[in-house]
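Remarks on the structure that follows.
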Amino acid sequence: MSDDRLQMCTPAPQLDLDRVVAESFLAGAEHYALIGSTNNRAKEAALGRVTLPLLILADVQTAGRGRGSNRWWTGRGSLAGSLLVDPARWDIDPRRDATALSLAAAEAVAATANSQLSEGIAAKVCPPNDVYVGERKLAGILIEGLAGGLLVLGIGMNTNNTLADAPAELRRTVTTLRDLLGRPVDPTELLRDLVVRLEGALSSVRALNTGG
């Protein structure tokens with residue numbers, strides 16, 4: 001077997017979600033093997049008594065959503081999650097700041113991807129809220145404001161999934177970190193980096209509003 005084939009067959013490290021929570025601004029996290037939509041679960045959590053920020057992750061989504069009526073492919077090994085926050089903590093108005101928030105979140109996702117990618121391969125934001133490598137989509141963000149004032153930042157990033165498992169119609173239009181690198185990435189390090197950058201994204205929107 002070639003070195004490339006060996007790398008692609010290498011199992012990905014296991015996610016240590018407790019470490020991610022301990023080393024970030026998260027107050028808690030939920031992890032599901034299978035769920036319809038992490039954004040929908042975040043909406044359900046928002047109806048009860050919940051300590052924020054709360055991260056909801058899923059190994060597989062059966063009804064992952066993109067913008068409008070678009071569906072999001074959640075292949076096994078990808079990163080699919082929703083961050084439930086109170087925007088008032090950062091003086092953010094979800095309606096007023098929708099464009100700035102969407103762009104800041106997308107930039108956080110792109111920066112996280114670039115921390116893993118090799119030199120010469122770059123993830124870039126495709127406004128308002130997608131991340132591409134070249135002409136192929138790597139990640140998407142779906143932000144939803146809730147009636148009670150809370151905010152859901154839904155993120156899907158193709159990480160340790162592979163195009164070999166993707167629906168045929170997507171294989172020419174999407175990419176994954178594992179396919180780009182020829183090896184799996186550490187999901188704990190990736191997720192921790194992403195959560196830290198998302199906190200920075202929220203703070204950057206506040207800075208825009210305060211002139212800081």
For every other residue with a beta carbon closer than 14 angstrom to the beta carbon of Leu146, add +1 if it is Lys or Arg and -1 if Asp or Glu, then tell me the sum. -1
Can you give the longest run of the chain that contains no trypsin sites (Lys or Arg not before Pro) sitting in a DSSP loop with at most 14 other Cβ atoms inside 10 Å? 97-170
Just add up the charged neighbours of Leu103: K/R +1, D/E -1, any other residue whose Cβ is under 13 Å from the Cβ of Leu103. -2
Relative contact order for region 3-210 using alpha-carbon pairs under 8 Å, separation at least 6, rounded to a whole percent? 25 percent
Looking at [x] 0.98; [y] 1.25; [z] 1.34, which value of Cα Rg over 2.2 N^0.38 Å comes from a calculation on the structure shown? [x]
Counting only the backbone N, which residues of region 89-107 are under 14 Å from the spot 7 Å out from the Cα of Asn209 toward its beta-carbon? 89-102
Please name which of Thr159, Pro187, Leu101 has its Cα lying farthest along the dipole of the chain towards the positive end, using unit charges on Cβ (Lys, Arg +1; Asp, Glu -1) and the Cα centre as origin. Leu101
Ser118, Ser102 arranged by Cβ crowding within 10 Å, fewest neighbours leading: Ser118, Ser102
222 nm [θ] for the chain, helices only, -39500 (n - 2.57) per DSSP H run of 4+, per residue, to 500? -10000 deg cm²/dmol
Please give the net charge around Asn158, taking every other residue with its beta carbon less than 10 angstrom from that of Asn158, where Lys and Arg add +1 and Asp and Glu add -1. +2
Of the DSSP H helices in the chain, those whose Cα atoms cover at least 20 Å axially and whose Kyte score averages 0.5 or more: 98-114
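Bear in mind these aren't lab numbers, they're just calculated from the coordinates by the rules spelled out. Just so it is clear, the structure is predicted and the values come from calculations on it, not from any experiment. Positions of Cβ are backbone-derived with ideal geometry, glycine not excepted, and every protein chain shown enters the neighbour counts.
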